[in-house]
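Here's the structure we're looking at; comments come further down.
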Amino acid sequence: MLPGETAVISGFDDDALSVKLMEMGLLPGTVVRFNFSAPFGDPICITVSGYDLSLRIAEAATITILN
Amino acid sequence: MAAASTIKIALAGKPNAGKSSLFNLLTGLNQKIGNFPGITVDKRTGTSHLNAEITASIMDLPGIYSLYPRTLDEKIVTEILMDRNNSQYPDCVVLVADATHLKNCLLLLTQLIDLQIPTVLALNMMDLAAQSGQSIDVQALSAALDLPVVMLNARTGQGVAELKTILAGTIKKSSRTIFEPGAEIKPLLAEVQQQFNIEQPYRAYQLLQQTNNLTFLSAEAKNSINTLAKTANFFQHKYQGAETVMRYGFIQDLLNKITLKLSDPEWKKFSYRIDKVLTHKVGGYLIFFAVLFLIFQAIFAWAQVPMDFIDSTFAQLSNRLAAFFPEGPFFDLITQGIVPGIGGIVIFIPQIAILFACISILEESGYMARVVFLMDKLMRKFGLNGKSVVPLISGMACAIPAIMATRTIENWKDRLITIFVTPLMSCSARLPVFTILVALIIPDNKLFGFFNYQGLVLMALYLAGFLAALFSAFVLKFIIQTTERSYLIMEMPTYRKPKWSNVGYTIIEKTKSFVFEAGKVILAISIVLWVLASYGPGEAMNNAHEVVQQQTANETLSAEELEARIAAYQLEHSYAGIIGKTLEPLIKPLGYDWKIGIALVTSFAAREVFVSTVATIYSLGGTEDEQTIKGRLKSEINPATGGPRYTTAVGLSLLAFYTFAMQCMSTLAVVKRETKGWKWPLIQLVYMTVLAYVSAFIIYQSLS
């Protein structure tokens, strides 16, 4: 994904992490927007259901998306 | 009026929802900071008069998103809310929600409802919500959840009176059940409920989910729950995921029903524009370093004025008292031991207050989250956290407030590593020692006619401390084991103006906890050190006058010179002197003699004491004048070699020692307070002393 793009979450690769992500509102079927990344490309900032989250790339990589 | 009854109220909610503001509004200055038993999490409690008859004790719980904890701080909340026998178990919870981001605030609320804990929903930041154009039907929300809802603006205090009135009445449990566990686990839940005598199915469900996390369960109970879970095929992650999805489904339906008007996404535009600048590839770092520099300046330079004032006030007080009291060991203890000891605690207050003013402004405004965002990748390589940067840089002014500032780091391992390495950063107390030694051994020449050698060495010392800190952090990353996984799933709060009264409360809270907790240890050690330096075995101390007078009978000395000789003689024969002499064989390989040994012992109170001890031991009286001390040190002869005592090798070895050694009891006291035990400060003391010894040893042996 590139900054500014949006996508729909379809699922997660990491069980333990997925529950945390879901608690923060990253549920399958929700729209996420990739806002911008930190200067070294990691972490990144995303928007989901109206609020902004920062995630490490490794954490974001466990989220699978539909484009 | 005396309180007729006290109810226990806990404030819960996600971080940044305004819990602390509400806590400050409810309790005012009736707050105290304690510890949750057994773990290193601060417990903020206070009392609030709800009305003339009812007083409530209010507890501010660490910020959480749900009952499933991610960090140690969060665990405590689950622990309290799950255990009805816990002494902290609240009669009622106020869930503080951020009205502009209701969705993820309600997750915890639905769990509280299922635990059947009486709850009041406080919708905070109603002003911002209104600004954003959002409008919700509060009555419908209250009816749908069957609990009281209060609209609140914790920045101005609007709605607090209403909240108090509601809390003073009886709050009943909500009759709703939001999460229905699947039919296949119902028999299992029934079994757990029966075995542990639990009314609510959700409590039983939570026991199954978090069996091994909950410390109030006995090993036996854990075993039996685990066995039950195994036979019934209970998969924690799978069920937890399903639960979250179900709860959010409910919340979405609820929000659809009660939202009269959605917020206009435009309202965040301003915040995004700030983000564009503050997280810019180049500009972001420049601004951050400018902010760091400002903080550093503030604690390094601006704190100097009040610190000098405190220093001279206590010195005067000590002299006045000495003149006022008759002579005697008891009065000496007061004027030379206790008063300067208290002065040694108070002197840190300006730095602590200034640093925490800066930090709480960063936190309140939302900038701290961006700092973490900017620094996370760089710092993570060294086992540190984006938030470690502020303590590390502050450590260059003083490690005391810096270590207290590590509180902002949620992850326990990251926090511990930061605490551990911060004292390696060269603090301002090392500077007097550095300048005098550098001036002594490094020629005042210029490299290429441009770089001053002395300046270069000084910079190298700061760099050595910094590199040692990074290196130690890197090593610790592999040594410290933790079951806690490091996450950076963090909400980026919308920028807003800091609330000044919260900044004030933070300053008061931090200063209080330093003075009353670390202060005790500092006072005790400084009295011990004073006794060591002022008393000695046998008659040597009392006979100092006669002995020195006899020794110097054929010299013509002024009264002051004689006084200085006597002081030197007394220090030599004090317990500290004896320790210095005992240490001599140990520190000889570093190039030191017993005189330096004494300075090492006494400067444990604070590094800069090295200078005044050296002045005393070389019979210079109370002078702290650099030129005088430098001149005297230059002429000191090493009897073994006949050459000067302070050779380049000895000087560099001493510099290395002071760069790395934990020569600061106040730091130890603060680390003890922050890690809630003597284990880490002692490990730190040993580690830093060994590091200092080894590097001083290598330097001296290779240069001499």
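The values are calculated or read from the model by the stated rules, or taken from the named source; none is laboratory data. Please read these numbers as outputs of a predicted model, since none were measured by experiment. In this analysis, Cβ positions are derived from the backbone assuming ideal geometry, glycine residues included, and neighbour counts consider all displayed protein chains.
Table for the structure above
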read-out	value
Output for region B:501-525, where each listed residue is hydroxyl-bearing (S, T, Y) and modelled with pLDDT of 85 or more	B:S501, B:Y505, B:T506, B:T511
Close pairs from region B:298-315: first closer than 18 Å to B:M396 by Cα and touching a residue at least 12 places away in the same chain (Cβ under 8 Å), partner of a type in the set (A, V, I, L, M) and surrounded by 14 or more Cβ atoms within 10 Å (Cβ to Cβ), Cβ under 7 Å, at least 6 apart	B:A298/B:I354; B:I299/B:I354; B:I299/B:L355; B:I299/B:A397; B:F300/B:A397; B:W302/B:I354; B:A303/B:I354; B:M307/B:I347
Count of region B:497-528 residues which are among the aliphatic types (A, V, I, L, M) and either closer than 16 Å to B:G677 by Cα or out of contact with any helix residue (DSSP H, G or I) (no Cβ under 8 Å at 6 or more places or on another chain) (or both)	6
Boolean, B:T156 is of a type in the set (S, T, Y), within 26 Å of B:Y205 (Cα to Cα) and assigned by TED's automatic domain parsing to the domain that holds B:T55	no
Cross-chain or 6+ apart pairs with Cβ under 8 Å, region B:435-455 first and at positive phi, then part of a loop (DSSP other than H, G, I, E, B)	none
Any hit, region B:87-94, residues being part of a loop (DSSP other than H, G, I, E, B) and within 14 Å of chain A (Cβ to nearest Cβ)	no
Matching residues in region B:105-162 - criterion: being surrounded by 19 or more Cβ atoms within 10 Å (Cβ to Cβ), hydroxyl-bearing (S, T, Y) and modelled with pLDDT of 90 or more	B:T110, B:T119
Residues of region B:164-188 classified as part of a helix (DSSP H, G or I) and within 42 Å of the chain's Cα centre (by Cα), total	5
Residues of region B:583-628 that turn out to be modelled with pLDDT under 80, in a helix (DSSP H, G or I) and buried (at least 16 other Cβ atoms within 10 Å of the Cβ), as a count	4
Given (1) free of Cβ contacts under 8 Å to residues at least 40 places away in the same chain; (2) touching a Pro at 6+ places or on another chain (Cβ under 9 Å), index of the condition A:F12 fails	(1)
Candidates B:I403, B:I409, filtered to the one that is surrounded by 23 or more Cβ atoms within 10 Å (Cβ to Cβ) and modelled with pLDDT of 90 or more	B:I403
Candidates B:Y495, B:Y505, filtered to the one that is out of contact with any strand residue (DSSP E or B) (no Cβ under 7 Å at 6 or more places or on another chain), under 23 Å from B:T27 (Cβ atoms) and in contact (Cβ under 8 Å) with a residue 60 or more places away in the chain	B:Y505
Residue check, B:M368 within 14 Å of another protein chain (Cβ to nearest Cβ) and either closer than 17 Å to B:F296 by Cα or not in a helix (DSSP H, G or I) (or both)	yes
Residues (crowded, with 18+ Cβ neighbours inside 10 Å, touching a Ser or Thr at 6+ places or on another chain (Cβ under 8 Å) and either more than 9 Å from every other protein chain (Cβ to nearest Cβ) or among the hydroxyl-bearing types (S, T, Y) (or both)) located in region B:251-292	B:I251, B:S263
Output for region A:40-67, where each listed residue is in a strand (DSSP E or B) and within 7 Å of chain B (Cβ to nearest Cβ)	A:C45, A:Y51, A:D52, A:L53, A:S54, A:L55
In region A:23-34, residue farthest from the chain's Cα centre (by Cα) [restricted to those that are crowded, with 18+ Cβ neighbours inside 10 Å and within 9 Å of chain B (Cβ to nearest Cβ)]	A:E23
Residues satisfying the stated conditions in region B:677-691, i.e. over 17 Å from B:A405 (Cβ atoms) and surrounded by fewer than 22 Cβ atoms within 10 Å (Cβ to Cβ)	B:G677, B:W678, B:K679, B:L682, B:I683, B:L685, B:V686, B:Y687, B:T689, B:V690, B:L691
Residue within region B:74-89 that is among the charged types (D, E, K, R), touching an Asp or Glu at 6+ places or on another chain (Cβ under 7 Å) and under 23 Å from B:N411 (Cα atoms) present	no
Hey, A:S37 buried (at least 18 other Cβ atoms within 10 Å of the Cβ) and more than 7 Å from chain B (Cβ to nearest Cβ) or not	yes
Qualifying residue in region B:51-64 (condition: touching a Pro at 6+ places or on another chain (Cβ under 8 Å), modelled with pLDDT of 85 or more, among the hydroxyl-bearing types (S, T, Y) and on the phi < 0 side of the Ramachandran plot)	no
